[in-house]
Amino acid sequence: MGVGRFVYTPILPLMHAQAGLSAGAGANLATANYVGYLLGALAGTFLPRLVRSAVVLRGSLLALVASLAAMPLTHSPALWSLLRLGAGVFSALIFVIAASSLLSHLRDHPAHLPGWAFGGVGAGIALSGLLVLTLRTVATWRA
């Protein structure tokens, strides 16, 4: 989830330089992602069955990966916006489902265990940034 939600940020400067993405279009992509995240969080709130569904969790994980993998397949800012919107929805669903699962399954366990899980999101953020820093010297934003 950390990679799916935050990998766009370190890729954005490369997209500006290599794909001709304007600052305004970049802001629109970020906004689409934020709107998607809000929609996904609200879906978890208003449709509580989603939060308890392993199928929704697995489907959201696959869809999040697919939305990221599809980004370099097009040059269309409109399609990028749809992909970032979807990435936001799926990453929010993943987060809500994971948080709910953690709180219900770790209730009688040491209080520090959920921190490890949420730390995984942070690790994904850090690793995606490091990956982009490494790849940018040998490949384009599409990699």
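The values are calculated or read from the model by the stated rules, or taken from the named source; none is laboratory data. These numbers come from a predicted model, not from an experiment. Counting neighbours? That spans all protein chains shown, and the Cβs are built from the backbone with ideal geometry, glycine included. Accessible surface areas use protein heavy atoms only, side chains included; no ligands, DNA or RNA. Shrake-Rupley method; radii C 1.70, N 1.55, O 1.52, S 1.80 Å.
Points worth noting:
- Ranked order, V138, V51, V35 - accessible area, probe 1.4 Å, largest first: V138, V35, V51
- Around the Cα centre of the chain, unit charges on the Cβ atoms of Lys, Arg, Asp and Glu (plus for the first two, minus for the last two) sum to a dipole of about 140 debye.
- Signed unit charges on C-beta, dipole axis of the chain, positive-most listed residue L62, A78, L102: L62
- Share of carbon and sulfur in the accessible area of region 58-134 stands at 78%, probe radius 1.4 Å.
- Per residue, the chain exposes an accessible area of 57 Å² to a 1.4 Å probe, with every protein chain left in place.
- Taking 1.306 mPa s as the viscosity and 10 °C as the temperature, the Stokes-Einstein diffusion coefficient of region 57-133 based on its alpha-carbon Kirkwood radius rounds to 112 µm²/s.
- Counting only alpha carbon atoms, the long axis of helix 23-46 and the longest principal axis of the chain meet at about 20°.
- Angle in degrees between helix 77-105 and the longest Cα principal axis of the chain, rounded to the nearest 10: 20
- Relative contact order of region 1-98, pairs being alpha-carbon contacts under 8 Å that are 6 or more residues apart, as %: 45
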